[in-house]
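Worksheet for the structure shown next.
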Amino acid sequence: MNRKKLMWQLPFLILLIVGTVLVIGQQRNTPYQHDSGMVFGTEYHITYQHGSNLHKKIEAELRKVDMSLSPFNRQSTISKVNNNEPAELGHMFTDVFSMAMRISEDTDGAFDITVAPLVNAWGFGFRKGISPDRHTIDSLKAIVGYRKVRLKDGKIIKQDRRMMLDCSSIAKGYGSDVVARMLEREGVENYMVEIGGEIVTKGISEKRLPWRIGVTKPTDDSLGVSREYQTILNVTNKAMATSGNYRNFYYKNGKKYAHTIDPKTGYPVQHNILSATVLADNCATADAYATAFMVLGLNKATSVLDKHPELMAYFIYSDEKGNNQVWFSNSLKDKIAK
């Protein structure tokens with residue numbers, strides 16, 4: 001009986017083996033596509049394994065995000081909200097707004113998309129100013145605060161009409177998530193999506209290895225040309241975002257002003273974290289928490305991480321002697337390749 005049963009099963013086993021070999025062979029022969037371009041005022045680079053180029057579909061998804069969240073686009077939803085014009089918010093805007101409010105609450109306001117007036121005043125936003133005085137900062141702080149704005153019945157309700165939103169600290173990550181979801185709908189199993197340094201990966205690279213992502217050393221590099229890495233992380237089936245003050249800054253009267261603004265003080269942060277890298281299940285979350293950690297500083301950032309075992313972080317900070325040091329989550333150890 002066992003021999004007869006085996007004889008019946010053998011053809012199925014052979015078919016299964018042959019089918020598996022064919023699938024693996026086809027997957028190996030499927031080329032990796034490379035797309036790049038500009039969005040949200042920064043570059044994007046996308047690598048994915050697919051039989052045809054999906055550039056038009058990628059661009060279409062990015063246009064949707066731009067039309068929803070870009071304050072540089074006068075026709076976008078967020079621009080209309082900032083200008084107190086009628087706007088259909090759409091699911092992208094409401095998704096990001098709701099996520100931003102949750103993370104603001106979780107970080108005691110360190111992450112706050114209403115910080116736009118202060119960011120603009122310091123010269124880092126979508127409206128240019130530079131080095132405001134104390135009186136200006138105090139007046140702007142009156143129209144900043146995530147608790148002063150809410151979503152109700154499909155509309156944004158502001159306590160003060162002068163309030164403005166800036167989602168730049170979450171939009172690039174969200175855009176990476178949007179493109180990643182589109183690729184998965186197209187059946188792509190191996191990809192890396194990167195928008196302005198915010199990354200989503202899945203599967204393996206062209207080298208048949210996990211995706212390896214570098215964490216840049218935080219040296220002053222306003223032109224973004226430095227490629228010296230502090231470490232290399234194996235990042236597969238994860239999203240990663242980095243926030244740092246070593247690229248977006250300026251000097252005035254011998255003093256350095258960095259782009260991360262503390263919503264509570266109204267001034268650029270002066271904490272000891274030089275670079276915050278966060279790994280999460282989605283890039284919008286990683287992007288927002290990376291910004292929040294830059295505002296919080298090392299001790300408060302690690303306290304937030306204690307509440308979120310699903311998050312992993314890699315911090316480069318300056319010690320009391322001014323030397324660069326590294327702190328990272330225990331769960332990140334296995335992902336450090338170098």
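Read the figures in this text as sums done on the coordinates, not as results from a lab. Since the model is a prediction, treat every value here as computed from it, not as a measurement. Backbone-built Cβ (ideal geometry, glycine too); neighbour counts: all protein chains shown.
Please list, in order along region 146-158, the HN-Hα scalar couplings obtained from phi with the Karplus expression 6.51 cos²θ - 1.76 cosθ + 1.60 (θ = phi - 60°), rounded to whole Hz, x for Gly and Pro.
Running phi through 6.51 cos²θ - 1.76 cosθ + 1.60 with θ = phi - 60° gives 5, 6, 8, 9, 8, 9, 9, 6, x, 10, 8, 9, 10 Hz.
According to the Cα gyration tensor, what semi-axes, each the square root of 5 times an eigenvalue, does the equivalent ellipsoid of region 34-158 have, listed from largest to smallest in whole Å?
Equivalent ellipsoid semi-axes, largest first: 30, 18, 14 Å.
For Gln33, which sequence-distant residues (separation of 5 or more, or a different chain) have an amide H within less than 5 Å of its own amide H, given hydrogens modelled in the peptide plane?
Tyr48, Gln49, His50
Highest mean first, how do 288-299, 271-282 rank when packing is the count of other Cβ atoms within 10 Å averaged over residues?
Listed from highest to lowest mean packing, they are 288-299, 271-282.
Which is farthest toward the positive dipole end of region 34-158 among His55, Leu118, Ser36, measuring Cα position about the Cα centre, with Cβ charges +1 (Lys, Arg) and -1 (Asp, Glu)?
My answer, from the dipole projection, is Leu118.
Set the Förster radius R0 to 45 Å, insert the Cβ-Cβ distance between Glu59 and Arg150 as r into 1/(1 + (r/R0)^6), and round the FRET efficiency to 0.05.
0.85
So what J values fall out for region 45-55 if you push phi through Karplus, 6.51 cos²θ - 1.76 cosθ + 1.60 with θ = phi - 60°, rounded to Hz, Gly and Pro as x?
9, 10, 10, 7, 9, 7, x, 9, 7, 10, 4
What FRET efficiency, computed as 1/(1 + (r/R0)^6) with R0 = 30 Å and r the Cβ-Cβ distance, is obtained for Ile336 and Asn299, rounded to the nearest 0.05?
E(calc), rounded to 0.05, equals 0.85.
Please state the charge dipole magnitude for region 34-158, taken about the Cα centre, from unit charges on C-beta atoms (+1 on K and R, -1 on D and E), reported in debye and rounded to the nearest 20.
Result for region 34-158 is approximately 400 debye, rounded to the nearest 20.
At 0.36 nm per residue, and after removing the present C-alpha to C-alpha distance, how many nm does the segment from Asn84 to Tyr267 gain when stretched out fully?
So the extension gain works out to 63.2 nm.
Region 153-195: Rg/Rh from Cα coordinates, Kirkwood Rh?
With Rh from the inverse mean 1/r over Cα pairs, Rg/Rh is 1.22.
Only loop residues by DSSP count here, and only those with at most 11 other Cβ atoms within 10 Å; note down the trypsin sites (Lys or Arg not before Pro) in region 296-331 that meet that.
Qualifying residues, ordered by number: Lys307, Lys321.
Which of the pairs Lys64/Lys333; Lys57/Lys141; Lys300/Lys321; Lys141/Lys202 have their Cα atoms more than 32 Å apart in this structure?
Lys64/Lys333; Lys57/Lys141; Lys141/Lys202
Quick one: Karplus J couplings for region 111-116, per residue in order, coefficients 6.51, -1.76, 1.60, θ = phi - 60°, nearest Hz, x for Gly and Pro?
In residue order, the calculated couplings are 9, 7, 6, 8, 6, 3 Hz.
Take each of the peptides 177-185, 201-209, average the number of other beta-carbon atoms within 10 Å over its residues, and list them starting from the highest.
Put in order of decreasing packing, that is 177-185, 201-209.
Order of 232-238, 85-91 by packing, highest average Cβ count within 10 Å first?
Result, highest mean first: 232-238, 85-91.
So for the pair Glu320, Asp138, with labels modelled 7 Å out along Cα→Cβ, what separation do we get in nm?
Going from the Glu320 label point to the Asp138 one covers 3.5 nm.
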